[in-house]
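The values are calculated or read from the model by the stated rules, or taken from the named source; none is laboratory data. These numbers come from a predicted model, not from an experiment. Methodologically, a virtual Cβ is constructed for each residue, glycine included, from the backbone with ideal geometry; neighbour enumeration extends over all protein chains shown. Please note that ligands, DNA and RNA were not included when accessible areas were found on the heavy atoms of the full protein model with its side chains. Shrake-Rupley method; radii C 1.70, N 1.55, O 1.52, S 1.80 Å.
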Amino acid sequence: MADRALQEDQSTLTETVSPAAPSAATSLATALRDSPCGDLDASWTDRTVRVAGWVHRRRDLGGLFFIDLRDRAGLVQLSFRPDWTNEQALALAGKLGPEDVVVVSGVVRARPPEMVNTDMSTGAVEIQVESLELLSRAAPLPILVAVPPEEELPSEELRLRHRVLDLRRPDMLRNFEIRHRAVTAARAALNEEGFLEVETPFLTRRTPEGARDYLVPSRVHPGEFYALPQSPQIYKQLLMAAGFDRYYQLARCLRDEDLRADRQPEHTQIDLEMSFVEEQDVFAVCEKMLDRVFRETVQVELDLPFRRLTYANAMEFFGSDKPDLRISWRIQDLTDCLTGIGFGIFESASASGGRIRGLRIPGGAALSRRQLDEANEMAQSAGAKGAMWLKRNPDAWSGAPAKFVDEALGEKLRNEHGVDEGDLLFLVAGPDSETGPALDVLRRHAAQLLGAVAEGFECAWITRFPLFEPDPETGLPTYSHNPFCMPLDPTPSRISEEPYENLSHAYDLVVNGVELVSGSIRCHDPELQTTIFRTLGMSEEQIQERFGFLLDSFQHGVPPHGGFGMGLDRLVTLLVGADSIREVIAFPKTSAARGLMEGSPSPVDDAGLAELGLRLRQAE
């Protein structure tokens, strides 16, 4: 009897529940809706439909109500009228507020031609509501979700504090739909190229990779700490040593560094590594993947292959290893032209071994004195002593060095440097470390002011980075790109004796002035890698402690390999045209590394610290 009762209960359950659960593979219908709001179109006309969502806007026309109902798919207009809406639903409609959650049932009707809303994907139809049910009441809103186009958004602090409401905005939903499509396209492209997706550890050990580590105390090993990974660098090289040949993952990376618009303490990389490759092999895979991502997200065809530019030329002609190549202007060396004319600043810079470098701004004579003063302040903020300017006016030159420009020099500036009537010449004198960054800032700023930034996406590989550069604090060699790069000249003695003369197989991909990809062909020779570590000032004990497991794995046969990490957040920011990666991260931190919505970081009580073998002391 008990078995029969159980069978009857199961039979009843099957009969009453299963038919109401449609296959997710064939329909977005659920128990509470027949279709998402934004998917309704003319094909639904004259059909009774049930939809659910949030009240986006409500309009009261005296007994006749219109509500725009919103879900992830979009908006649909609901109309309430005594002719077709029951009395209870009509009364409830008059009391609904923004972001109340409702489910309605009604008939889809075609709107009259003059009432069609071409700004809505569902604008050719509306639902004549027959019944209405309130599922959830919204409290008064701290920020609006339905922000009128003519109004500014709330402050970023408010938006982050009330992120759930902010994420409901259609613009934000679009950002994450594009992010999802970008990830899907990237995975598909790499899968087709024979890559394996492999996850690497999240709790690891400290390694020097350019930023401070986030440390995690171990409860079971008192006094010892894990480090959260800044990148999967070591592990992906170990996977190549293990024979995986082609690896990728969407890797979470955590770095305790100062933040800005394109940095977060945690971000996501599309990370990959390949064996038996040279630079062009890595470039080809990356370009193919990005081409698919751009086509499937924003319907843009990229120009392949991407142009290539050495680090030396990028710094010479654009003052930056992240040049925005949508701007056609190039930095010029005017040292020979302007030395000896009697202008003190130029003479002093030249005599001390510096250069006089300039940037011709076509049509720049139209910039006002106020704008030029702002440019000078920007140059100073970038590390230069200041920026001078020369305008070529119809009848004379103007600017601080103008009185030193005679007819012969004027013609020389025209013939050799292209300075024509109506042009402006920005001039910065000093060492390249000052003139380059200042002229880069002025180039980008003036191009924005004058509308000289071309549309579209300009991509370029920056190659042949220095292997080492002087540490600004100690003056000793530090790595320019990362400590695992293969030198162009792998002679160990040259690396240790002439560190600053070495170039490397390191590369970045820059898109519209944004460093999107960073990578290199790796040093797979354990002796050569040890030489690089020694040149960086590590003792034998430090090398063994930090990297012994990597060098040991290289003793058993490791193929030449290389790869890159691509900033997924930066990529999506470019795709959606946002100003900050915070617009494409669901729950980002502020510039002070705080999560305003959830209140992180937060204190831990003494009991929690004691369990980890920790206690706090007063900061000195």
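Below, the figures for the structure above:
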read-out: Dimensions (Å) - the chain, Cα atoms, principal axes, largest first; value: 98, 72, 54
read-out: Ranking by accessible area, most exposed first, for Met378, Met172 with a 1.4 Å probe; value: Met378, Met172
read-out: Residues in the stretch 82-110 that a label on Asp60 would reach, taking backbone N under 14 Å of a point 7 Å out along Cα→Cβ; value: 90-98
read-out: Karplus (6.51, -1.76, 1.60) ³J(HN,Hα), θ = phi - 60°, over the stretch 450-467, in Hz, Gly and Pro reported as x; value: 9, x, 9, 9, 5, 6, x, 10, 10, 10, 8, 7, 9, 10, 6, 5, x, 6
read-out: Normalised contact order of the chain, rounded percent, pairs of Cα under 8 Å and 6 or more residues apart; value: 12 percent
read-out: Residues with amide H under 5 Å from that of Thr478, placed H, sequence gap 5 or more; value: Glu469, Asp471
read-out: C-alpha long axis of helix 279-298 to longest principal axis of the chain, angle in °; value: 40 degrees
read-out: Which of Lys322, Lys391 is most accessible, then next, and so on - probe 1.4 Å; value: Lys322, Lys391
read-out: Estimated FRET transfer efficiency when R0 is 22 angstrom, pair Leu250-Leu203 (beta carbons, to 0.05); value: 0.75
read-out: Cα-based helix-to-principal-axis angle, 170-192 vs the chain, degrees rounded to 10; value: 70 degrees
read-out: Extension reserve of the Leu141-Arg615 stretch, reckoned as 0.36 nm per residue once the Cα distance is removed; value: 166.5 nm
read-out: From the C-alpha gyration tensor of the stretch 161-224, square roots of 5λ in Å; value: 33, 24, 11
read-out: Under the Karplus curve 6.51 cos²θ - 1.76 cosθ + 1.60, θ = phi - 60°, whole-Hz ³J(HN,Hα) for the stretch 121-127, x wherever Gly or Pro sits; value: 5, 9, x, 8, 9, 8, 9
read-out: Heavy-atom accessible area per residue - the chain, 1.4 Å, Å²; value: 51 Å²
read-out: Whole-angstrom Cα spans of the stretch 185-293 along principal axes, big to small; value: 46, 37, 22
read-out: Length released on extending from Met115 to Val514, taking residue separation times 0.36 nm less the Cα-Cα span; value: 139.2 nm
read-out: Point-to-point label distance, Ser348-Asp552, nm (Cα→Cβ direction, 7 Å offset); value: 5.9 nm
read-out: Gain on full stretching of the segment that runs from Leu488 to Glu157 - 0.36 nm per residue minus C-alpha separation; value: 114.4 nm
read-out: Spin-label pair Ser381/Ala408, simplified geometry with 7 Å Cα→Cβ offset, distance in nm; value: 4.1 nm
read-out: The chain - percent of accessible surface contributed by carbon and sulfur, probe 1.4 Å; value: 50 percent
read-out: Angle between the chain longest axis and helix 526-535 axis [Cα atoms, degrees, rounded to 10]; value: 70 degrees
read-out: Glu266 paired with Ser27, simple spin-label distance in nm, labels 7 Å along Cα-to-beta-carbon; value: 3.8 nm
read-out: Label zone at Leu304, where the point sits 7 Å out along the Cα-to-Cβ direction: the stretch 184-202 residues whose backbone N lies under 12 Å; value: 189-190, 193
read-out: Rg and Dmax of the stretch 399-555, Cα atoms only, in Å; value: 22.1, 69
read-out: Simple Cβ-charge dipole of the chain, Lys/Arg +1 and Asp/Glu -1, about Cα centre, in debye nearest 20; value: 1100 debye
